[in-house]
Amino acid sequence: MLVLIVFSFVAGIVTILSPCILPILPIILSSSTDTTGKRRPFGVVVGFVLSFTFFTLFLSTIVRLSGIPAESLRFLSIFILIAFGLSLLVPAFQVFLESLFARLSRFAPNVQNRRGFGGGVIVGLSLGLLWTPCVGPILASVISLALSGTVTAQAVIITLAYSIGTAVPMFIIMQAGSRALQKVPGLVKNTGKIQKAFGVLMILTAIGIFFNIDRKFQSFILDTFPQYGVGLTKLEDNEAVKKELAKVNENPMDETQIGKPMSDVVAKGPLAPEIIAGGQWLNSEPLRLSELRGKVVLVDFWTYSCINCQRTFPYLRDWWEKYKDDGLVIIGVHSPEFEFEKDVDNVREAAADFDLTYPIVQDNDFATWRAYSNRYWPAKYFIDKDGIIRGTHFGEGAYDESEKLIQKLLSETGSDISQEIDNPEYEIYSRTPEIYLGSKRYNGQNYINLEGDYIQSDEYLAFQKGAQLSLNFEAKNVYLVMNPTEESARVDVYLDGEFLKSVEVTSDSLYELVNLEAPGKHELKLEFPDGNIRLFAFTFG
């Protein structure tokens, strides 16, 4: 645990050198020019640390429980930053804000007396909500837990350490700017003009964030300076951190580690959590595990646009056909990764396309996902006739071992199992990781170049007509989750500079862009002649 805290703190400090800090630097610098007191930088730091920690861990839960869109909170933060920019630009507006804080001092007496501390806190709170860091493996692991609604004391401490580390260079920058304005004669003489200039800069920055221009600027910097920020997260890539992360992500119900033979995992484990009621069922009436005693149950967590999940479908279909009459029940728990996957009609269509005829339950609120403390797509839980978890497997592979475990559990029910195990050989060709394109989980800095007009939201990149995306990859197959904003959209695919094909995007789904005879290193270029399209994530095979 101490290892993760130390590395998170250091990772936060070096974030000041990364390209993702650039969009908020003008706001940080602007906070150093405020004349309402020396405590303003302290307020910004406190507000940022509290806000970033809180919203990183709990924003998904807040949106889910309150129904308030995350964009609404983002717009409120942008409005606050514009207001503080105006206070630097227009003295009368600054007087208004100070009178507002004076009224608030009846509820929080220290706000007025700390001369700028309260205003700094509000600016910091807004920054913490708006900022999207270039995260390494430690914070990425914590964020993945938070997305599923699982927040532990460890996650809070790690995120707090990261945010404090990030705040340290911010504070130094603000203090240095403030002292320069107080001691450098040329700056002291022009303090008023400098304040107004930074007020304009703060307003323009907030407006730029509203229109996602900050993301375009960041992409421009990366296109111009491809090596900028490269390797900053590698300090977390060591065995000590990996060992501790394995503990943080440990599933209390895991009876195997990834890749451990399923046939070795037959000891009695914990009682399987119930499938949480409330989600819509496909191919079946609602089922309860307590009513399936005497049968063997395979609970499979999946999401339909996930290529890793799709590669497991042939094996699941085969097991369902071979063993359903012997007492096997497969329950597919569809826990959506993207918003469009929450639409039950999309899930129904996907199930039909993939010929999935076993029971499926929609888990839009991740209720069953959290009940199982699950972390992966796909994930399989093997449950015996007494409702006990006897084995798990995460990701692809281990198909022979999984089927052997199914046969063993069925034999314990008295079934005479004689089917031969003959699953196709499983191979992995890709060396390029899955790449998310939305700002919330963007990790394409070292792989992707963008040209033309586009808008980046939390989940996707939306391209305008004539825009282009280039991608360097090493794999045999390339897949891309896309949806059209109108009835359809065309994507022109080029491989190593040569036109390969056009893909017609007509629905929210995963599309195959490249299918090579052998894996290798290549450059992929996509052009969007229609422009009405959204891109969510690349996966490789």
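The values are calculated or read from the model by the stated rules, or taken from the named source; none is laboratory data. What you see is a predicted model; the values in this text were computed from it and never measured. Using ideal geometry, Cβ is built from the backbone for each residue, glycine included, and neighbour counts are taken over all protein chains shown. In case anyone asks, the SASA skips ligands and DNA or RNA and just uses the protein heavy atoms, side chains included. Shrake-Rupley method; radii C 1.70, N 1.55, O 1.52, S 1.80 Å.
Of note:
- DSSP-assigned coil residues among chymotrypsin sites (Phe, Trp or Tyr not before Pro) in the stretch 165-216, each with at most 14 further Cβ atoms within 10 Å: Phe211
- Estimated FRET transfer efficiency when R0 is 35 angstrom, pair Tyr429-Asp318 (beta carbons, to 0.05): 0.95
- Dipole magnitude for the stretch 428-475: computed about the Cα centre from +1 point charges on Lys and Arg Cβ and -1 point charges on Asp and Glu Cβ, it is near 60 debye.
- Cα→Cβ-extended label distance, 7 Å offset, between Gln154 and Glu285, nm: 4.2 nm
- Solvent accessible area, Å² - Glu504, 1.4 Å probe, full protein context: 100 Å²
- Only protein heavy atoms count here; under a 1.4 Å probe, Thr413 has an accessible surface of about 50 Å².
- Residue-level accessible surface for Val514, protein heavy atoms, 1.4 Å, Å²: 0 Å²
- Given Lys324/Lys408; Lys476/Lys525; Lys196/Lys440; Lys322/Lys385; Lys342/Lys440, the pairs whose alpha carbons are separated by over 24 Å: Lys196/Lys440
- Only Lys, Arg (+1) and Asp, Glu (-1) charged, at Cβ; the stretch 261-415 dipole about Cα centre in debye: 560 debye
- In the context of the full set of protein chains, residues of the stretch 278-368 present 38 Å² of accessible surface per residue (probe radius 1.4 Å, heavy atoms only).
- Net dipole in debye of the stretch 479-541 [+1 Lys, Arg Cβ; -1 Asp, Glu Cβ; about Cα centre; nearest 20]: 180 debye
- Along the stretch 393-399 the Karplus relation, 6.51 cos²θ - 1.76 cosθ + 1.60 evaluated at θ = phi - 60°, assigns HN-Hα couplings of 8, 10, x, 8, x, 6, 6 Hz to successive residues, with x for each Gly and Pro.
- Residues whose placed amide H lies under 5 Å from that of Arg390, excluding near-sequence neighbours: Phe382, Ile383, Asp384
- Averaged over its residues, the stretch 494-541 has an accessible area of 46 Å² per residue, based on protein heavy atoms and a 1.4 Å probe.
- 3J(HN,Hα) couplings calculated from phi for the stretch 409-414 with the Karplus curve 6.51 cos²θ - 1.76 cosθ + 1.60 (θ = phi - 60°) are, in sequence order, 5, 5, 5, 5, 8, x Hz; Gly and Pro show x.
- Distance (nanometres) between label positions extended 7 Å along Cα→Cβ at Glu339 and His522: 3.3 nm
- Amide H contacts under 5 Å for Arg534, placed H, 5+ residues apart: Asn483, Thr485
- Between the amide H of Ile330 and those of Leu298, distances stay under 5 Å, these residues lying 5 or more places away or on another chain, with hydrogens modeled in the peptide plane.
- Segment Lys196-Ser488, extension gain: residue separation times 0.36 nm, minus the distance between their alpha carbons: 100.4 nm
- Accessible area ranking (1.4 Å probe, heavy atoms, ligands and nucleic acids excluded), largest first, for Ile417, Ile389: Ile417, Ile389.
- Spin-label model distance (nm) - Ile421 vs Leu187, 7 Å beyond Cα toward Cβ: 7.0 nm
- Selected from Ala462, Phe473, Pro484, residue furthest toward positive end of dipole (the stretch 432-504; charges at beta carbon): Phe473
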